[in-house]
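Student: Handing you a structure now.
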Amino acid sequence: MLQPALPARLVDRPALSSALDAASAHEVVVVKAGPGWGKTTSVAAWAAARRACWLDAAAGTSLERLSRGLLRALRHRLPRLPADLVTTTAQSADTVAGLIRGLLDVHLDEPVVLVVDNAGALAPGSGEARFVEALCLRRPALLRLVLLTRGEPVFALPAAEEITSRQLAFTEPEVAALVGAEAAGTVLARTGGRPAAVALYREALSGGCALPDESGDVVAQLASSVLAGEPEQTRELVRTIALLGRVSTALCVALGFADAREVLPRLARRGLLSGPEWTVVEPVGELLRRDADDGEIRLKAAVFCERTGAHAEALRHLVAAGRADLVAQLLLRRDEQIVAGGDADAVLAAVDRLEVDDPRLHLVSGFARQHRGDWLGALHCYEQAAGELKPCRSWRMGQLHALAGQTARAVDLVERTVFDEVASVDEVRLLSLAVGWFREVGRHERARELADRCALTARRRGGHAAFAWSSRAFGLLAGYDGDRAAFESHYGQAVERSRRAGNRVLELMIRTERAWFRTETGPADALAEIDEVVVIGRQAGLTGHEPGCRSIRALANARLGRFDAALADATFTDASLSGAAASSRALLIRAEVHRRRGEPGQAQAFLDEALAMPGAGPLAKATLARVVAGEDLAAARRLAEEAVAESRVLRSQEVPALLARGWVAALAGDRETARADAATARAVAGRRGDKAGLADALQLAAVTSADREALLAEAATVWRAAGDPVGAAAAELAAARLSGVDVTRFEDELHGHGVRTDVRMADVLGIGLPRAARIVVRTLGRFQVLRDGAAVPAASWQSKKARDLLKILTAHRGRPVPRPQLVELLWPDDASDRTANRLSVLLSTLRAVLSVPGLPAGAEPLVADRDTVSLDLSFVDLDVAGFLGAASAALAAHRRGEPSALSLLTDADELYLGEFLAEEPYEPWAIQAREEVRGRYTAVLRALVQLVRDPDQQVGYLVRMLELDPYDEGAHVRLVKALRAAGRHGEARRRYRVYLEQMAEIGVRPAEPDLFHPSVVLKAG
């Protein structure tokens, strides 16, 4: 938000500026004084000189608007902040504050001051108050907050500096600069330096008026004097603005003030008004409102606001006018628009004040509660709307059930609805929505019947809105059937009809839905449409659809290979959207990104969560089948078969289901099934215009064809046509592996996108990789040997020395160990000739332990010749070798500043399960390897602490660093600071005492002994 306009004549106030400068060195400053003490003007002048950001809390009637305003304000200093942070009233204040705090942690690199004007105007206990409170208590380190309030703040604050009326009052030289030296003493004595009163004296004296006497209300006399020189039309304009609270220039003109465009800026320069949403400065506004109560003006303002789309402002004026009947009528007409604009709380407050007995108002209240995420409350309101189940109630309740993943209940509602003989838009809307619900439960013929009935009802009802809903119904069917031409035609008609109806909410809903279907046929087009929808919605003050837009953007970015952007959008969507269906969609997008990145563990975690929700659909099972196929082919085949069966019933998501079954079959060696599914998926994807599905089908066909290179080249071409460079690079890498040419180049390209190329899954990169190692040796955390997933029984070892021999070999990680060195390590006190024979016996025992049936000819996990012994790590999965390799690659990526570094470091962290051979604490050969592993893991943790922004995550990594080295002073200090940043002050103090004790124990003087000095503690809150 822009800073308020400053008066034309501004007095230089060095003392106040110095006080504000000193105060702003603290985290939070409270500027507290009543009306007329010049808080806004004085701080605005100071802030302008220091490039501070400005947020007016009074303009934020909802958490959604306040958070958007904050982001816009901060972008004046931080232009790289995203412009489209999604927040909704369904989110908690702490969640929204956390999202913004995370963004600032990334983008803030120097101190920034944020001024929050009218902070005291926030309702106690409201989401807006909790939002500002959360920012104050857990603010980013470089953000300074200046709160302007008339009284005590309505929320908790850390220890804050205060600027009061004493510092805001004009000094005698400052008064003299305004009214002249001769009158300065008198004016200062009468006003106490109150800036608004001094300004009134200045206006009166500059107009040739004498100083008023001291009897009566001096301020009232001055206000009359100031306005006395103005034409009656101007005085009436000022009284009208004071009455309405805040107005636009256009509203003033509409109310009959034809010269408002010229007069308003002039009054602002005189210091009587502040803008650009014009308000009368205090105490003048308070004086003018004392006797003003013109209901007619409020009604005219409400009519203008509704006509211009400012429905929430219209509601405010009608509520202030006390016209309950008109408030009820406005809510019944415009509740959707008001709620979509982010004013659900205003709707609920207005309904609570009404004493109108109209059951339809329960629907209004329910719709507002539904938007806020209070689904139980919404359902209760809908059920209170007494009488028969009519379309106006059914479509609302049906939407609620569908969002909760209970589409069958929505279908049942439609079947029980009582339709009127006279067609209505509510009936057309219900029938249009029902087409999608019946389609989702597999009742395709009934869905088509409802679409025909919707068209018939729309013709009976007439009107552009009814025809828009009807066209949307047929477009929905065409979209599910993959009929691209019919889809574009019907949705194009629906968009045009909604525009001609002037129904922005309907237009945005239809365009959002069209973009969702376009993610399959043209994700770049879907992104362009969604960006336009967001802009149009914000111009109209409509933002309720934005979380859905973010979900579609995530899906489109995933299909374009923009994985980081897709994960960011999906994460915001998961935090913003309510409902099982919406959350399931976000989880599936995140899972698909991790699958394509070669991260099966993370993908499976999201898929398991999605499958636990109602309405996950065949896509979740299809994706999970491809993820787990590398480890569990039987489970993968079962999941793929279920996905194909469900997709046939629903006639949707056929392509991903067929591809999942085909890829799993290919991995299992079932070439016939893979070939058949590739052909079917290729035909269906081609008909639907699904380029990504077509490219993947070509890759699957290549696996079962003799003409592999040509099919892979064609797949790469289709991927590029779809705008997905990651898909193209994967196809080219698969082809390069066949020829052995340019393999490294394509691997590097994929690594640059954060994609692993060495993971066995059911896809074009994983199909040619060897199966998971059949022999697994675990040394991190505990020692264990697995053969084909089963632990080796204790009886198989025959002796402890055989286990010791394997442990020594694991410490060398595949490097040959001379036989004499093994003898010395195993029998240090035996110099006899028998030790060579004993070693041969142990080697035979170990060879038997590591043998599994079916290994290729010549494959030998244990390699022993006349001189050395070693493990062949191409047949043995040794966890310590895997960890050290992953850690080295991750740290190298971190040093180069690569975007994939954080993901690689996280993967390396997950591979570390504990100390190397912790049960061998004193063996020198184990100690050396253990120290190497510990040092590498410490470096991984230190890099993670540098990269992650969440203080709680930093705390976890730092605690593990101190478990490895309790005397790491840097880790101690960072841990204390991270705990304080996370608001965990008790833990921070305890960890501070541990830090001091550990340094004293080794005789080191603490580098930062004053972390909890009383003044620092007070400052940290």
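All of the numbers you see were taken from the coordinates with simple rules; none came from a lab. Computed from a predicted structure; not experimentally measured. Cβ coordinates were reconstructed from backbone atoms using ideal geometry, including for glycine residues, and neighbour counts include every protein chain displayed.
Student: I'd like the orientation of helix 344-353 relative to the chain: the angle between its Cα long axis and the longest Cα principal axis, in ° from 0 to 90, rounded to 10.
Tutor: For helix 344-353, the angle is close to 50 degrees.
Student: Can you give the angle from 0 to 90° between the axis of helix 985-1001 and the longest principal axis of the chain, with both taken from C-alpha atoms, to the nearest 10?
Tutor: 50 degrees
Student: For the ranges 787-793, 728-734, what's the packing order if you count other beta-carbon atoms within 10 Å of each residue, average per peptide, and put the highest first?
Tutor: Top to bottom by mean Cβ count within 10 Å: 728-734, 787-793.
Student: Quick query: amide H of residue 115 versus all other amide H atoms, modeled in the peptide plane; which residues come in under 5 Å with a sequence gap of 5 or more or a different chain?
Tutor: Those lying under 5 Å, H to H, from residue 115 are 53, 54, 55, 146.
Student: Taking the range 914-982, which GluC sites (Glu not before Pro) meet the DSSP loop condition and have no more than 16 other C-beta atoms within 10 Å?
Tutor: In loop regions of the range 914-982 (DSSP not H, G, I, E or B), the sparsely surrounded GluC sites (Glu not before Pro) are 919.
Student: Take peptides 779-785, 397-403 and line them up by average Cβ neighbours within 10 Å, highest first, as a rough protection proxy.
Tutor: My ranking of the peptides, most packed first, is 397-403, 779-785.
Student: How high is the relative contact order of the chain, in percent, counting Cα pairs under 8 Å that sit 6 or more residues apart?
Tutor: 7 percent
Student: Ok, one more. Sum up the charges of everything whose Cβ sits under 11 Å from the Cβ of residue 266, counting Lys and Arg as +1 and Asp and Glu as -1, but leave residue 266 out.
Tutor: Computed value for this residue: 0.
Student: Which FRET efficiency value, to the nearest 0.05, is calculated for residue 877 and residue 844 with the Förster distance at 22 angstrom and r the Cβ-Cβ distance?
Tutor: The formula returns an efficiency of 0.45 here.
Student: Cα gyration tensor of the range 775-881, axes a ≥ b ≥ c as square roots of the eigenvalues: rounded (a/c below 1.5), prolate (a/b > b/c) or oblate?
Tutor: Prolate, since a/c reaches 1.5 and a/b exceeds b/c.
Student: Taking neighbour Cβ counts within 10 Å as the exposure measure, how do 894, 753 sort from fewest upward?
Tutor: 753, 894
Student: Using a 7 Å offset from the Cα along the Cα-to-Cβ direction at both residue 277 and residue 790, what is the distance between the two label points in nm, to one decimal?
Tutor: 7.2 nm
Student: I want to check the label-to-label distance for residue 303 and residue 500. Put each point 7 Å from Cα in the C-beta direction and report it in nm to one decimal.
Tutor: Label-label distance for residue 303 and residue 500, simple model: 2.9 nm.
Student: Under the classification rounded if a/c is under 1.5, otherwise prolate if a/b is larger than b/c and oblate if not, where does the range 299-350 fall, given a ≥ b ≥ c as square roots of the Cα gyration tensor eigenvalues?
Tutor: Oblate.
Student: Taking a ≥ b ≥ c as the square roots of the eigenvalues of the Cα gyration tensor of the chain, is the shape rounded (a/c under 1.5), prolate (a/b larger than b/c) or oblate?
Tutor: It comes out oblate by the Cα gyration axes.
Student: Through the Karplus equation 6.51 cos²θ - 1.76 cosθ + 1.60, θ set to phi - 60°, convert the phi angles of the range 861-866 into ³J(HN,Hα) values in whole Hz; use x for Gly and Pro.
Tutor: Whole-Hz 3J(HN,Hα) from phi for the range 861-866: x, 9, 9, 9, 10, 5.
Student: Which order results if 536, 241, 100 are arranged by neighbouring Cβ count within 10 Å, fewest first?
Tutor: 536, 100, 241
Student: With a sphere of radius 12 Å drawn around the Cβ of residue 938, what net charge do the other residues whose Cβ falls strictly inside it have (Lys, Arg +1; Asp, Glu -1)?
Tutor: Summing Lys/Arg as +1 and Asp/Glu as -1 gives -2.
Student: Also: Residue 964 to residue 815: extension gain in nm, 0.36 nm per residue of separation minus the Cα-Cα distance?
Tutor: 51.0 nm
Student: Each residue of the range 482-487 in turn: what ³J(HN,Hα) in whole Hz from Karplus with 6.51, -1.76, 1.60 and θ = phi - 60°, glycine and Pro shown as x?
Tutor: These are the phi-based 3J(HN,Hα) values: x, 8, 5, 5, 5, 4 Hz.
Student: Still on this structure, please answer the following. Per-residue ellipticity at 222 nm for the chain, helices alone: DSSP H runs ≥ 4 residues times -39500 (n - 2.57), over residue total, nearest 500 deg cm²/dmol?
Tutor: Computed mean residue ellipticity for the chain: -20000 deg cm²/dmol.
Student: Can you give me the angle between helix 375-384 and the longest principal axis of the chain, using Cα atoms only, in degrees from 0 to 90, rounded to the nearest 10?
Tutor: 60 degrees
Student: If you add up the charges near residue 746, with Lys and Arg at +1 and Asp and Glu at -1, over every other residue whose beta carbon is less than 12 angstrom from its beta carbon, what do you get?
Tutor: Summing Lys/Arg as +1 and Asp/Glu as -1 gives -3.
Student: Across the chain, how many lysine pairs, 8 or more positions apart or on different chains, have C-alpha atoms separated by under 30 Å? Please give the number.
Tutor: 4
Student: What ranking of 490, 371 emerges when the number of other C-beta atoms within 10 Å of each C-beta is taken as an exposure proxy, fewest first?
Tutor: 490, 371
Student: Using the per-residue mean of other Cβ atoms lying within 10 Å as a proxy for protection, in what order, highest first, do the peptides 899-905, 257-263 fall?
Tutor: The peptides rank, most packed first, as 899-905, 257-263.
Student: Work out from phi, with θ = phi - 60° and the Karplus expression 6.51 cos²θ - 1.76 cosθ + 1.60, the ³J(HN,Hα) of each residue of the range 296-302, listed in order in whole Hz, and give x for Gly and Pro.
Tutor: After applying 6.51 cos²θ - 1.76 cosθ + 1.60, I find 5, 5, 4, 5, 4, 4, 5 Hz.
Student: For residue 262 and residue 535, calculate 0.36 nm times their separation in residues minus their Cα-Cα distance, and state this gained length in nm to one decimal.
Tutor: Length difference between fully extended and current span is 95.2 nm.
Student: Out of residues 5 or more away from residue 30 or on other chains, whose amide H comes under 5 Å of its own, with H placed 1.01 Å from N in the peptide plane?
Tutor: For residue 30, whose amide H was placed from the backbone, the distant partners under 5 Å are 147, 161, 162, 163.
Student: State, to one decimal in nm, how far the label point of residue 384 lies from the label point of residue 741, with both points 7 Å from Cα in the Cβ direction.
Tutor: For residue 384 paired with residue 741, the spin-label model returns 7.5 nm.
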